1. Enumerate the calculated ³J(HN,Hα) couplings along segment 3-9 in order (Karplus 6.51 cos²θ - 1.76 cosθ + 1.60, θ = phi - 60°), each rounded to whole Hz, writing x wherever the residue is Gly or Pro.
2. Kindly write out, for segment 43-48 in residue order, the coupling ³J(HN,Hα) from the Karplus curve 6.51 cos²θ - 1.76 cosθ + 1.60 (θ = phi - 60°), rounded to whole Hz, with x marking Gly and Pro.
3. Could you work out the relative contact order of segment 3-84, using alpha carbon pairs under 8 angstrom and six or more residues apart, expressed as a whole percent?
4. For segment 3-84, what are Rg and Dmax over the alpha carbons, in angstrom?
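Laboratory data are not the source of any read-out in this text; all were calculated from the coordinates shown. This structure is a prediction, so every number in the text was calculated from the model and none was measured.
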Amino acid sequence: MTDESLFYRSFIEDIRRCAAGRAPSRVAELERRIHAALSAPSERREGLWARVVGGVSELLCTFGDRGIAAARLRAFLRENADLDRPRDVALTDFTFVGKPAGVLHARGGHRYLLFAPIPRAAPDAAASVLDEVVPAPTRRLAEWTVYGLCGGAAAAAMWFAFIVPV
């Protein structure tokens, strides 16, 4: 057996012990990610290992401490912490869902696909959620209190900076 295959077996076994049979699909996904990272060409390997590190981190956050297996996984995360860094957001990270409404034909022969507008939630929905936690009058009173304190502090700062002689 090679070192990679031994690492692969022990790593997957630690993941299974940490999940304790509660998330077989997540364990299978991590196993697939690890296999893809080990068998990938060197130029793609770092990106694939970053996905493995993210999956292991999520697994440990979800299932907590499970003894020695979790300790080994945490050590793996510490060793590969640089791979779990946030990456730059790209246009391909977004998904735009829309229903086609029609096709626009331009004079130059170009065709453009038009999408129907997405229905939005009523703006009062967010306010009603906040009102359940903090009533609107109390929220407004707190806002104006903060505005008054900040305005008073700014006026006092200007008074001492420009009016009061040194």
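1. Computed from phi, the couplings for segment 3-9 are 5, 5, 5, 5, 4, 4, 5 Hz.
2. Here the 3J(HN,Hα) series is 6, 9, 5, 5, x, 6 Hz.
3. Relative contact order of segment 3-84: 37 percent.
4. 11.9, 35
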